[in-house]
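Q: For reference, the structure I am asking about is given below.
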Amino acid sequence: MASRPVVPLHQQARGDGGVVGGGKQQKKNGAGDGKNRKALGDIGNLDRVNGVEIKPNRPITRSFCAQLLANAQAAAAAENNKKLAIPNVAGPKPDGVVVAAKRVAPKPAEKKITAKPKPPEVIEISPEEEIKKDKSVNKKKEGGDAKKKSQTLTSVLTARSKAAAGLTKKPKEQIIDIDAADAGNELASVEYIEDMYKFFKLVENESHPHDYMDSQPEINERMRAMLVDWLIDVHTKFDLSLETLYLTINIVDRFLAVKIVPRRELQLVGVSAMLMASKYEEIWPPEVNDFVCLSDRAYTHEQILVMEKIILGKMEWTLTVPTPFVFLVRFIKASVPDQELENMAHFLSELGMMQYATLMYCPSMIAASAVFAARCTLNKTPIWNETLKLHTGYSQEQLMDCARLLVSFHCTIGNSKLKVVYRKFSDPQRGAVAMLPPAKNLMPESSSGSRV
């Protein structure tokens, strides 16, 4: 397409005549000069077609404008087809992607996308029907398991052999929480009672006296038994606590283990030990003059106080010790006792405390053996259970020797001259447990036919 000739400015006319001296070119362009300029001006203003911006880089003619309009319409049609072919996809895509989407997406796929599945039917089931359904399912499962686990002849014979030999598995015994009833009692110290007894078990041997009788030239086991028998009688007359009695015997044995004592001062040691224990345990302890009177004035006021000072110095003022009574109250509680069992355990424990032979056992074993022997004497079943084993720390086999020793004291107490403990526990207020026959399964062979 030819471009317009450039005409110098001096050859152009300022009027409506157009170009001067233009020849045929001037006449051709000047014939409809105003009309052609108006039409070209209208075409040049078409910078947007159907919203598409057109930036021409050459002069716009009618044919070129038609071509641009056709391209714009084709682009708009392609955009519309792209939206129909790929729904819910935002953002402009290249033409190649749109055409590919048209070819890949078939009509049945569009039906699957638009079709909604039928909502499932909801059936309400009552709780009773659910329980019945669960039971029926469990029965089916049990039936299936029974079919799978059918017993063979070998398994049946093996089970019968184990049952005959006593090797069948028994259900594990439940351990009783003995502190559950005292959860609201602040004096029971439920929060740290277990820690306390673990500590007592660790330190019980530190304050336990060793065998000392061979180191005492003027004292024998019989004299010690007479002293303890008299101290139990004094303890009963003063109506003191059991803590005081057990601490008194502990002080006597610990002092005799480190100090040689003449025979004439043995009762003085016992009186001073009970005075110290009373001051430690009792709210209203007896006075020194009370012990002077009970000893039939065999010792003066000053002698008792001097001996008290000597004993405290030898023991380095250590009075907080775990005696058999400390363990006994805990083990009796673990036995879930009645009053008769509690009285029998205290009776056997005091019998053991009076005899020197029990000094070879630690306090916790003496207490546990007293509970075990009491259960055997009263024919309690089971004799020993998991709860007692847990709290005492001893099995039935470990307690056998000490329990037999306590029962042997029970067998001979009726014929003994030292009968303070026997009279104390023959009282009906204490259940008269001393008059009951000893445990047959723990009696020594030599005294198996005796009765108290």
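The values are calculated or read from the model by the stated rules, or taken from the named source; none is laboratory data. Keep in mind that what you see is a predicted model, and the values were worked out from it rather than measured. So basically every Cβ, Gly included, is an ideal-geometry build from the backbone, and we count neighbours across all protein chains shown. Each accessible area value is taken on the protein alone, full model and side chains, heavy atoms only, with ligands, DNA and RNA left out. Shrake-Rupley method; radii C 1.70, N 1.55, O 1.52, S 1.80 Å.
Q: Looking at the stretch 375-398 only, could you name the residues that are in a helix (DSSP H, G or I) and out of contact with any His (no Cβ under 9 Å at 6 or more places or on another chain)?
A: Scanning the stretch 375-398 gives ARG375, CYS376, GLU386, THR387, LEU388, LYS389, LEU390, HIS391, THR392, GLN396, GLU397, GLN398.
Q: Open to solvent by less than 10 Å² (accessible area, probe 1.4 Å) and either closer than 30 Å to ILE176 by Cα or assigned to a helix (DSSP H, G or I) (or both), is that true of ALA434?
A: Taking the combined requirement at face value, the residue satisfies it.
Q: Which condition breaks for VAL336 when tested against (1) more than 44 Å from the chain's Cα centre (by Cα); (2) in contact (Cβ under 8 Å) with a residue 12 or more places away in the chain?
A: The one condition VAL336 does not meet is (1).
Q: Just for the stretch 263-309: of the residues that are surrounded by 15 or more Cβ atoms within 10 Å (Cβ to Cβ) and β-branched (Val, Ile, Thr), which one is farthest from GLU221 (Cα to Cα)?
A: VAL288
Q: In the stretch 259-298, what residues are touching a Ser or Thr at 6+ places or on another chain (Cβ under 6 Å) and among the aliphatic types (A, V, I, L, M)?
A: The answer is VAL271, ALA273, MET274, ALA277.
Q: Could you tell me which numbered condition GLY352 fails, if it satisfies all but one of (1) under 30 Å from VAL190 (Cβ atoms); (2) part of a helix (DSSP H, G or I); (3) within 39 Å of the chain's Cα centre (by Cα)?
A: Failing condition for GLY352: (3).
Q: What residue, among those in the stretch 381-396 that are out of contact with any helix residue (DSSP H, G or I) (no Cβ under 6 Å at 6 or more places or on another chain) and crowded, with 17+ Cβ neighbours inside 10 Å, is modelled with the highest pLDDT?
A: Looking at the filtered set, the residue picked out is LYS389.
Q: Given the criteria open to solvent by less than 60 Å² (accessible area, probe 1.4 Å) and at pLDDT below 90, does LEU328 qualify?
A: Criteria not met by LEU328.
Q: Something else about it: Residues in the stretch 312-332 that are of a type in the set (A, V, I, L, M, F, W, C) and either part of a loop (DSSP other than H, G, I, E, B) or more than 20 Å from ALA367 (Cα to Cα) (or both): how many?
A: Number of matching residues: 5.
Q: For ILE260, indicate whether it is buried (at least 16 other Cβ atoms within 10 Å of the Cβ) and either modelled with pLDDT under 90 or under 24 Å from ALA298 (Cβ atoms) (or both).
A: Considered against the rule, which asks whether it is buried (at least 16 other Cβ atoms within 10 Å of the Cβ) and either modelled with pLDDT under 90 or under 24 Å from ALA298 (Cβ atoms) (or both), ILE260 comes out as no.
Q: Out of all the residues in the stretch 164-175, is one or more over 26 Å from ASP296 (Cα atoms), within 42 Å of the chain's Cα centre (by Cα), assigned to a helix (DSSP H, G or I) and modelled with pLDDT under 90?
A: Scanning the stretch 164-175 turns up at least one residue that is over 26 Å from ASP296 (Cα atoms), within 42 Å of the chain's Cα centre (by Cα), assigned to a helix (DSSP H, G or I) and modelled with pLDDT under 90.
Q: For MET315, all conditions in the list (1) modelled with pLDDT under 90; (2) open to solvent by 20 Å² or more (accessible area, probe 1.4 Å); (3) within 20 Å of GLU204 (Cα to Cα) hold save one; what is the number of the exception?
A: So the condition that MET315 fails would be (2).
Q: Kindly indicate whether any position in the stretch 436-443 is more than 29 Å from GLU204 (Cα to Cα) and aliphatic (A, V, I, L, M).
A: Yes; the residues of the stretch 436-443 include at least one that is more than 29 Å from GLU204 (Cα to Cα) and aliphatic (A, V, I, L, M).
Q: Quick check on the stretch 378-385. Is at least one of its residues without any contact (Cβ under 8 Å) to a residue 60 or more places away in the chain and under 23 Å from LEU247 (Cβ atoms)?
A: No: the stretch 378-385 contains no residue that is without any contact (Cβ under 8 Å) to a residue 60 or more places away in the chain and under 23 Å from LEU247 (Cβ atoms).
Q: Just the residues that are touching a helix residue (DSSP H, G or I) at 6+ places or on another chain (Cβ under 6 Å) and among the small types (Gly, Ala, Ser), please, taken from the stretch 257-307.
A: Hits for the stretch 257-307 are GLY270, SER272, ALA273, ALA277, SER278, SER295.
Q: Still on this structure, please answer the following. Tell me, which residue of the stretch 231-245 that is farther than 26 Å from GLU218 by Cβ and assigned to a helix (DSSP H, G or I) is most open to solvent (accessible area, probe 1.4 Å)?
A: Per the criteria, the residue is LYS237.
Q: Test SER215 against the criterion of being within 23 Å of MET365 (Cα to Cα) and of a type in the set (Gly, Ala, Ser), and give yes or no.
A: Judged against the criteria, SER215 is not a match.
Q: Please find, within the stretch 229-288, the residue that is farthest from VAL326 (Cα to Cα) out of those that are basic (Lys, Arg) and touching a residue at least 40 places away in the same chain (Cβ under 8 Å).
A: So the residue we want is ARG263.
Q: Going through the stretch 399-426 one residue at a time, which ones are part of a loop (DSSP other than H, G, I, E, B) and at pLDDT below 90?
A: SER416, LYS417, LEU418, LYS419 - these are the residues of the stretch 399-426 that are part of a loop (DSSP other than H, G, I, E, B) and at pLDDT below 90.
Q: State all residues of the stretch 202-228 that are open to solvent by less than 70 Å² (accessible area, probe 1.4 Å), over 16 Å from MET354 (Cα atoms) and of a type outside the set (Asp, Glu); if no residue qualifies, say none.
A: VAL203, SER207, SER215, GLN216
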